């Protein structure tokens, strides 16, 4: 889910930017500072998109920059438990599939792909259901539900992000799974 949140902070404007429009520089600086940060309560900061108030600048001795108190609006992405996501499979491992959901990644453990037993094909980098022969490959579009959400405060740029902030997903329910599986199930129910 995406949220708009109001935040109060101090922004540092470097002296070489004093001749540029203050609001634009403040938004740019705030985005450079906060974009991609994870907050346990708010989620992932996508962008600072608007400044509601900006105070007069204060100078600190020994630093040529001006410091301004600001109230700004930011867009956050925070997945909620039981939320349904459409996403793309971006990586597959022997233990499951990583799926890009919104601005973050989720993990569908092999036990949550289908009711069928799942084998991992390392050569093809795919998950294959033993009885139904359903396959899950990198690039597949899927619909999944968040089983739970555990977000750690950190930067999204960390390579360990998908291991530290866990969004476990399931596709073991009606109308979830690879888009083609969902469509096949709908066709079967229509044809009786």
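Computed quantities for the displayed model
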item: Filter pass, residue 58 being more than 18 Å from the chain's Cα centre (by Cα) and either in the same structural domain as residue 31 (by TED's automatic domain parsing) or without any contact (Cβ under 8 Å) to a residue 12 or more places away in the chain (or both); result: yes
item: Filter result for residue 106 (within 18 Å of the chain's Cα centre (by Cα), within 18 Å of residue 90 (Cα to Cα) and either assigned to a loop (DSSP other than H, G, I, E, B) or free of Cβ contacts under 8 Å to residues at least 24 places away in the same chain (or both)); result: no
item: Verdict on residue 11 being over 30 Å from residue 80 (Cα atoms), part of a strand (DSSP E or B) and modelled with pLDDT of 95 or more; result: yes
item: Residue within the range 140-163 that is over 30 Å from residue 34 (Cβ atoms), exposed (fewer than 14 other Cβ atoms within 10 Å of the Cβ), at pLDDT 90 or above and out of contact with any helix residue (DSSP H, G or I) (no Cβ under 6 Å at 6 or more places or on another chain) present; result: no
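Quick grid of which residues meet (1) over 22 Å from the mean Cα position of the chain (by Cα); (2) modelled with pLDDT under 95; (3) at positive phi; (4) surrounded by 15 or more Cβ atoms within 10 Å (Cβ to Cβ):
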{"position": "24", "(1), (2), (3), (4)": "yes, no, no, no"}
{"position": "27", "(1), (2), (3), (4)": "no, no, no, yes"}
{"position": "30", "(1), (2), (3), (4)": "no, no, no, yes"}
{"position": "34", "(1), (2), (3), (4)": "no, yes, no, yes"}
{"position": "39", "(1), (2), (3), (4)": "no, yes, no, yes"}
{"position": "44", "(1), (2), (3), (4)": "no, yes, no, yes"}
{"position": "49", "(1), (2), (3), (4)": "no, yes, no, no"}
{"position": "54", "(1), (2), (3), (4)": "yes, no, no, yes"}
{"position": "63", "(1), (2), (3), (4)": "yes, yes, no, no"}
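The values are calculated or read from the model by the stated rules, or taken from the named source; none is laboratory data. In this text the structure is predicted, and so the values were computed from the model without any measurement. Counting neighbours? That spans all protein chains shown, and the Cβs are built from the backbone with ideal geometry, glycine included.
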